[in-house]
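Trainee: Here you go, one structure.
The values are calculated or read from the model by the stated rules, or taken from the named source; none is laboratory data. The structure displayed is predicted, hence computed values, not measured ones. All Cβ positions, glycine included, derive from the backbone under ideal geometry; neighbour counts span all protein chains shown.
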Amino acid sequence: MKKLITQFLMSLAMLLSAGTCFAGGGEEMSPVIQHDINPKYVSLTEAEMLFNRGDVYFFDVNTLEIWAEGFIPGAVFFNVRTWKELLPKNKDAEMVFYCANRLCTASVVAAREVMKLGYTNVMQMPDGIYGWRMSGRPHEKP
């Protein structure tokens, strides 16, 4: 019983001392950034249908280490400084951007940047390469 009371008091002390901590570094609260440009999100099934058509560009925005584990066949490694040179000339071309999984935001950021350049058919696959590979869809390694 004495051990239980000691643990309770320690937990209470830690909880009360946490009141002096501020999330976000203690600065004034500010509204969340809202983006005016958002790509269309596509499921794995939709992405596979686009892949099977053969006329859609796929861009892998992963790190080189994840790229080396496997990527969608024909996908272009997009995580380079010269990424603008990798884009098609046709600004109406269909493009799908993906990164690792739903926790990764690199492909959304890349897709937004491409849309800012005037590209109109930009999509993002939230499940990423891990979702693609885990579902048994085709992939290749460099």
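Trainee: Starting from residues that are part of a helix (DSSP H, G or I), in contact (Cβ under 8 Å) with a residue 60 or more places away in the chain and aliphatic (A, V, I, L, M), keep the ones in the range 103-142 and report whichever is farthest from Val61 (Cα to Cα).
Mentor: Here the answer is Met115.
Trainee: Report yes if Asn52 is closer than 22 Å to Lys141 by Cα and modelled with pLDDT under 95, otherwise no. Write out each step before concluding.
Mentor: Working: closer than 22 Å to Lys141 by Cα: yes; modelled with pLDDT under 95: no.
Here the answer is no, as Asn52 does not meet what is asked.
Trainee: All but one of (1) at pLDDT below 95; (2) assigned to a strand (DSSP E or B) hold for Asn38, so report the exception by its number.
Mentor: (2)
Trainee: Take Ala68 and decide whether it is part of a helix (DSSP H, G or I), loosely packed, with under 13 Cβ neighbours inside 10 Å and out of contact with any helix residue (DSSP H, G or I) (no Cβ under 9 Å at 6 or more places or on another chain).
Mentor: On the way: part of a helix (DSSP H, G or I): yes; loosely packed, with under 13 Cβ neighbours inside 10 Å: yes; out of contact with any helix residue (DSSP H, G or I) (no Cβ under 9 Å at 6 or more places or on another chain): yes.
Against the criterion (part of a helix (DSSP H, G or I), loosely packed, with under 13 Cβ neighbours inside 10 Å and out of contact with any helix residue (DSSP H, G or I) (no Cβ under 9 Å at 6 or more places or on another chain)), Ala68 qualifies.
Trainee: Using the structure shown, decide if Ala100 is within 18 Å of the chain's Cα centre (by Cα) and part of a loop (DSSP other than H, G, I, E, B).
Mentor: Judged against the criteria, Ala100 is a match.
Yes or no, residue by residue, for (1) in contact with a Gly (Cβ under 9 Å, 6 or more places away or on another chain); (2) not acidic (Asp, Glu):
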| site | (1), (2) |
| --- | --- |
| Phe71 | no, yes |
| Val76 | no, yes |
| Glu94 | no, no |
| Cys99 | yes, yes |
